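A.B. asks: I have a structure I would like to understand better, so I am pasting it below and will then ask my questions one at a time.
The values are calculated or read from the model by the stated rules, or taken from the named source; none is laboratory data. Nothing here was measured: the structure is a model prediction, and the numbers come from that model. Here the Cβ positions follow ideal geometry from the backbone for every residue, glycine too, while neighbour counts run over all protein chains shown. For the accessible areas, the whole protein counts, side chains as well, though only heavy atoms, and no ligand, DNA or RNA atoms are used. Shrake-Rupley method; radii C 1.70, N 1.55, O 1.52, S 1.80 Å.
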Amino acid sequence: HNKLESKVERQAAADSYRGAMSNYQSADAKKEEFRKYLEKSGVIDALTKVLVGLYEEPERPPSAVDYVRKYLGTSSTSNVDVDALRNENEEQRNRIRELSRSVEDLKK
């Protein structure tokens, strides 16, 4: 009876170990797949460039996060004013609503 219990316990431990190793390998495979995705999409190169740029700054900026956001947020040749674009977009939406109402009035 004792041998049987011991064998069952060893089998359970082996099954548990195999399950843990399977999860570990699965996690490693997921990490590798994600790394390949980041590399293929250019994220790794972009992050490397911004971090090298930050490292090479003669004086450290007050906020490294703001530096990264600024660098990744827009290209160096683009001076996009997001707030101005949002305002213009809202104005255009209002104008479309007005014109749509005018068209509906003319159809009557």
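A.B. asks: Residue by residue through region 27-43, which ³J(HN,Hα) values in whole Hz follow from phi under the Karplus form 6.51 cos²θ - 1.76 cosθ + 1.60 (θ = phi - 60°), with glycine and proline marked x?
C.D. replies: For region 27-43, the Karplus-derived couplings read 5, 5, 5, 5, 4, 5, 4, 5, 4, 5, 4, 4, 5, 5, 7, x, 5 Hz, x marking Gly and Pro.
A.B. asks: Turning to a different aspect of this structure: I need the phi-derived Karplus couplings for region 5-12: 6.51 cos²θ - 1.76 cosθ + 1.60, θ = phi - 60°, integer Hz, Gly and Pro marked x.
C.D. replies: Listing the rounded values in order: 4, 5, 5, 5, 4, 5, 5, 5 Hz.
A.B. asks: Okay, moving on. Taking the Cα-to-Cβ direction at ARG97 and at SER26 and moving 7 Å from each Cα, how far apart do the two end points lie in nm?
C.D. replies: 5.0
A.B. asks: Hey, another quick one. Residue by residue through region 93-108, which ³J(HN,Hα) values in whole Hz follow from phi under the Karplus form 6.51 cos²θ - 1.76 cosθ + 1.60 (θ = phi - 60°), with glycine and proline marked x?
C.D. replies: 4, 4, 4, 4, 4, 4, 5, 5, 4, 4, 5, 5, 4, 5, 6, 6
A.B. asks: Within 13 Å, Cβ to Cβ, of ILE44, how many net charges do the neighbouring residues add up to if Lys/Arg are +1 and Asp/Glu are -1? Numbers along the way, then the final one.
C.D. replies: Details: positive: ARG35, LYS36, LYS40, LYS49; negative: GLU39, ASP45.
Net charge in that neighbourhood comes out at +2.
A.B. asks: Then there's this: I'd like the FRET efficiency for ASN89 and ARG35, computed as 1/(1 + (r/R0)^6) with the beta carbon distance as r and R0 of 41 Å, rounded to 0.05. Before the final figure, lay out the partial values.
C.D. replies: Working: r = 37 Å, r/R0 = 0.90.
So, using R0 = 41 Å, E works out to roughly 0.65.
A.B. asks: I've got another one for you. As a test question: what accessible area, to the nearest 10 Å², does LYS107 have when a 1.4 Å probe is rolled over all protein chains in place?
C.D. replies: 150
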